[in-house]
Every structure is written in structure tokens, then in C-alpha cells.
Amino acid sequence: MVRTVFAVIYIVLLVLGTLPRLSRMKKLAPTLSPEEKDRLVHKTPDSFGKGMIKASGSTVEVKGLEHVPDRAVLVVCNHQSNFDIPVLMGYLNKPIGFISKVEIKKLPIVSTWMELMNSVFMDRSDRRQSLQAIKDGIELLKNGHSLVIFPEGTRSKGKEMGEFKTGSFHLAVKSGVPILPVTVNGTYNILEANHNKIKPAHVTLTISEPIYEEQYKDMDLKELAAYTQHVIASKL
């Protein structure tokens, strides 16, 4: 319990500590090229993600960084824990935004950073808004910004994976970007496996080879989702 309280306080202070940088970035953003904006914005979620892992006392082992292309990608990842997000921000070594649930927009500071990261907020209860979010995501990918999706739709809170939903794979098919399969393993041991008390754990982040358009262009969405899930599951 002491570690959980300490970690929560530390994370809140981390968020508040980004306010001066947030103010500067909001002023700078309109004057920067998309590449320069992504590079400068990425420094904060990168350090924030590493800071959250440090606060939990956990360690992260990264495998396959050489597979990350130097271009926009759709990062497809399994979803074990709320700690998947800081792991991806801090250790993927690439500017990324997220396809995020709309409730995150209610969080001050965090939601503004996510907007600067080119994240898209999706209300799954509103079909029209969900379709618009997918369209917005496709445009971001076409314009060179990488996005992360969790196609299980919710946390598994363990090692077992849920079935990948096909809808979000429109993001890759319609934009023509590579799919980057990423496997996180062990994040649930930081929080969810401990009745939501934070404990140190060892996490593995495994990046598989990208799936390029030439490989998936003849697959339907169901085949593509199943193949991507197979690649991710094989690294658990």
C-alpha cells in the first residue's frame, strides 16, 4: 500500500511538472513542421512513461527495436494493463498517438498532451462518432503520424488475449501504412494482478517485424486481424 500511495503521488507530480512544457508546446506547435512537432512533443511522454515505470519499481526489457520503421506505422498491441500505455510511450522509441476512449478527454493536462501527440478520442457507444474517429485516424496516418490501437478493446488483466476486433484495422488498410505488431507481457503484474495495488514487476516489450501493405493487401479484415493476433500472441 505504501508503494501504491508513493507511486500515485509521484505520477501526479510528474503530470503537474509538465505544465510549463505544455504551455510552451501549445505556443510553438503552430510554427513547427509536423516532424519537428512530433519530435519535440515526444520528449515529454517518453520521459513521463519511463517515470511511471520507475515509480512502480518495475523494469522493462525491450526486444526488436530494430524492427521499428522510420515512417508512420499502425502499432497494434495486446492490452494487459493500464501500464501498457506508459510502457509504449517510454520504450517504443517513436512518437506515437493513441486511439483512446473518449473518457480520457475529461482528464486535465493529460488530454491536452494526448491531443498534441495526435491521439484520436473514440466514443464506442456512438457509431457515427466512432466512424469519424477512424476517418480522423486514417488522415493522421496518411500525414505521417503513427498511432497505437488495442484491438481487444479492453484490458485482459492477464496473459490471455481476447479476440481482436476487426474495425480498427481499417486504419492500416485505408492509409496503406505498415502494421507494427507489439507484444507487452507482465504489465498486469504491476497493478491488476494485485487487486489494483502497485507492485514491482518485470515487463517485456517485444516488437515483431512490420506487416507491410504488400503482405496484407489481399487479406480481408478478419484474416488480417487473426494474423496480427497470431504474431503478437507468439511472443507471449
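The values are calculated or read from the model by the stated rules, or taken from the named source; none is laboratory data. Computed from a prediction, not measured in an experiment: that's the story for all the values here. Heads up, the Cβs are rebuilt from the backbone with ideal geometry, glycines too, and the neighbour counts pull from every protein chain shown.
For this structure, a couple of remarks:
- All of (1) in contact (Cβ under 8 Å) with a residue 12 or more places away in the chain; (2) closer than 28 Å to TYR212 by Cα hold for ASP70 with one exception: (1).
- When SER58 is tested against the conditions (1) out of contact with any helix residue (DSSP H, G or I) (no Cβ under 7 Å at 6 or more places or on another chain); (2) without any contact (Cβ under 8 Å) to a residue 40 or more places away in the chain, the lone failure is (2).
- Highlighted here are the helices (runs of 4 or more DSSP H) found entirely within the stretch 119-228 that include at least 3 residues which are of a type outside the set (Lys, Arg) and crowded, with 17+ Cβ neighbours inside 10 Å: 127-142, 170-175.
- Residue check, SER208 among the hydroxyl-bearing types (Ser, Thr, Tyr), more than 24 Å from LEU131 (Cβ to Cβ) and either touching a strand residue (DSSP E or B) at 6+ places or on another chain (Cβ under 9 Å) or at pLDDT 95 or above (or both): yes
- Any chance ILE138 is closer than 23 Å to ASN118 by Cα, among the aliphatic types (A, V, I, L, M) and at pLDDT 95 or above: yes
- Yes/no for GLY186 being out of contact with any helix residue (DSSP H, G or I) (no Cβ under 9 Å at 6 or more places or on another chain) and among the small types (Gly, Ala, Ser): yes
- Among the residues of the stretch 170-198, just one is modelled with pLDDT under 95 and either touching a Pro at 6+ places or on another chain (Cβ under 8 Å) or among the basic types (Lys, Arg) (or both), namely LYS197.
- Filter result (out of contact with any helix residue (DSSP H, G or I) (no Cβ under 6 Å at 6 or more places or on another chain) and closer than 12 Å to PHE169 by Cβ) within the stretch 214-236: MET219, ASP220, LYS222, GLU223, ALA226, TYR227, THR228, GLN229
Residues checked against (1) closer than 18 Å to ILE179 by Cβ; (2) aliphatic (A, V, I, L, M); (3) in contact with a Leu (Cβ under 6 Å, 6 or more places away or on another chain):
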site: ALA193; (1), (2), (3): no, yes, no
site: HIS202; (1), (2), (3): no, no, no
site: SER208; (1), (2), (3): yes, no, no
site: GLU213; (1), (2), (3): yes, no, no
site: TYR216; (1), (2), (3): yes, no, yes
site: LYS222; (1), (2), (3): yes, no, no
site: THR228; (1), (2), (3): yes, no, no
site: ILE232; (1), (2), (3): yes, yes, no
site: LYS235; (1), (2), (3): yes, no, no
